[in-house]
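Worksheet: one structure, shown below.
The values are calculated or read from the model by the stated rules, or taken from the named source; none is laboratory data. What you see is a predicted model, and the numbers here were worked out from it, not measured in a lab. No Cβ is skipped: glycine too gets one built from the backbone with ideal geometry, and neighbour counts run over all protein chains shown.
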Amino acid sequence: MFSRAAQLQRCFIGGIVPRVKITGTALILCPACGREHDVKLVQNINPQTDPDAKQKLLAGDFNVLACECGRRTQLVSELLYYDPVSELTIFVSPEGGKGEQPFEAVAAQGTQRLVPSLNALVEKVKIADAGLEDWVLEMVKVLLLASLPEPDLDTVLLFDHLDGNVIHWVMFGTEARAMQSPMAAYERLSARTQARPKPGERQVDRLWAVAAVQQMMRGGN
Ligand SMILES: [Zn+2]
């Protein structure tokens, strides 16, 4: 018999990383008040068979521990988002990649991405739902940030939605603020660059985009 204490998942700032793959219920301590909770931890989303899970994900209510004390804690775990219809497979790996395995497990076709967090997953899903390409948007972000009065390429800038010919962003600095950019700039960039990631290139993030923009600037492609 294991003691209850030994079964507890320990809390870290911002979330909890289970040591083993959990497919059912996890025993979680609220980081604010220490109450114990049995929390259902979901590690797979197929939006075709479970549209509710996708809605929860987009609403920020997915794998969240909502404690009686008022604290909401995002649970951190591996998660596979697999949409066989739009051929989009995204693996959330808070501790780094697992190579091919999660993608092979579902025989993924089409777009495959590896992201470090649920926030990054949500952004990728919003981008796909808007009919846009994440890699072009990542390059647009770098150009947008570089054009600011005080450029900082580490600033978190997330796609929010597309409204007609305007792309809406949220920038997270000392406080969150909305930004817009014209869809025409996205289309120009998309036509100009040949940076489209190859099939095995799954980490399409800021680091990727900075390299792609530098290559484009050098006239490399
Ligand atoms: Zn609590």
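For this structure, a couple of remarks:
- Condition check for Glu95: assigned by TED's automatic domain parsing to the domain that holds Val42, loosely packed, with under 15 Cβ neighbours inside 10 Å and not in a loop (DSSP other than H, G, I, E, B): no
- When residues of the range 146-162 are limited to those that are within 21 Å of Leu121 (Cα to Cα) and out of contact with any His (no Cβ under 9 Å at 6 or more places or on another chain), the one surrounded by the most Cβ atoms within 10 Å (Cβ to Cβ): Leu157
- Only one of Glu187, Glu201 that is part of a loop (DSSP other than H, G, I, E, B) and within 30 Å of Gln109 (Cβ to Cβ): Glu201
- Residue that is surrounded by the fewest Cβ atoms within 10 Å (Cβ to Cβ) [pool: residues in the range 77-92 that are over 17 Å from Val42 (Cα atoms) and of a type in the set (A, V, I, L, M, F, W, C)]: Val85
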